[in-house]
Amino acid sequence: MDDLGDLGAFLQSRRAHVPPESVGVIVGGRRRVAGLRREELAHLAGVSVDYYTRLEQGRATQPSEQVLDALSRALQLDDVAREHLHKLARRRNRRPQPTSYPATTRPHLRQLLDTMSEYPAMILNHRIDVLAYNRLAGLLYCDLDQVPVDDRNLARMIFLDADRFDLYADRPSCTADTVAHLRHAVGEFPDDPELVALIGELSIGSRRFSELWAAAEVSVRGHGSQRLRHPMVGMITLHQERFMLPDGSGQELITLIPEPGSIDEDNLRLLANLGADGTGAPRSRPSADRFAPTDRISDGELSF
């Protein structure tokens with residue numbers, strides 16, 4: 001696993017994923033490296049090979065905004081990845097950031113979740129720890145009430161407990177989104193030791209995670225459809241919206257809503273009436289530990 005805050009490692013990984021033909025580089029004979037060579041990328045970005053080499057090796061500091069934008073274009077980065085590149089480059093000059101982040105949510109936010117009783121809703125942090133959720137979200141995510149508080153992390157559940165947590169219909173896309181989200185989180189919260197520990201744990205415990213992390217894709221997803229294969233009600237498609245809380249905590253509100261009048265809405269209503277044992281008995285209100293603080297990080301995903 002590369003250094004989470006290493007600009008050079010990010011550049012090298014992204015360079016390896018640019019097909020030479022896609023940027024007009026004529027390929028002749030066998031190549032010893034995947035993607036672009038250093039000299040090819042330097043030429044495309046309009047910088048000297050020596051400077052780019054020093055930048056990738058960590059021997060050049062404080063690249064200009066113009067150089068970073070040129071490298072972003074040459075590497076075919078989207079807006080999120082370009083911003084991530086700029087943040088990595090600015091890391092040496094930024095002020096120290098907090099090394100701990102709230103593990104609980106404000107009482108009024110928890111109250112808000114309970115008022116949203118018709119649709120699943122939860123609050124996640126940047127590590128994709130599930131900090132709070134309403135009753136329907138607990139049912140939808142394979143009975144979160146039965147998961148120990150410290151293990152309520154979507155990434156860990158996806159990559160390290162896949163046999164039990166096989167919820168996502170499009171698992172390849174889900175795992176890729178999750179890793180890209182965590183890569184983005186590293187740029188946003190570089191001083192979080194729990195995030196570093198989480199990524200190390202996932203890299204050791206999951207070959208799929210390690211392969212995706214090496215690809216260095218970075219993204220953040222605001223909304224979109226999510227197809228779930230629930231063991232109690234079958235396939236269900238929901239529209240996901242994400243709302244970042246404006247307090248700098250890294251927490252966000254997630255809502256999942258079915259298309260009005262659809263079979264998905266019927267399935268969600270059926271799920272709301274089922275007990276955790278699948279007998280159809282109405283489920284009682286979860287105990288207060290549903291909102292207990294989370295001390296450790298766990299897996300995370302972007303398509304949660």
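FYI, it's all coordinate maths here, none of it is from the lab. Since we're looking at a predicted model, the values are computed, not measured. Cβ atoms come from the backbone with ideal geometry, glycine included; neighbour counts cover every protein chain shown.
Observations, loosely collected:
- Burial ordering of 44, 139, fewest other beta-carbon atoms within 10 Å first: 44, 139
- Across the stretch 162-175, coupling constants 3J(HN,Hα) worked out from phi with the 6.51/-1.76/1.60 Karplus curve, θ = phi - 60°, read 5, 5, 8, 9, 9, 9, 8, 5, 10, 5, x, 5, 4, 5 Hz, and Gly and Pro carry x.
- Sorting 143, 129, 264, 247 from the fewest to the most surrounding beta carbons within 10 angstrom yields 247, 143, 264, 129.
- Listed residues 46, 9, 76: farthest to the positive end of the dipole of the stretch 7-93 (Cβ charges): 9
- Residue 51 versus residue 39: modelled label distance in nm, points set 7 Å from Cα along the beta carbon direction: 1.9 nm
- Here the dipole of the stretch 124-185 is about 200 debye; that uses its Cα centre as origin and unit charges on the Cβ of Lys and Arg (positive) and Asp and Glu (negative).
- Annotation: extensible slack from residue 112 through residue 164 equals 15.8 nm (criterion: 0.36 nm per residue apart, minus Cα-Cα distance).
- Each residue in 165, 159, 243 was given a count of other beta-carbon atoms within 10 angstrom of its own, and listing them fewest first yields 243, 165, 159.
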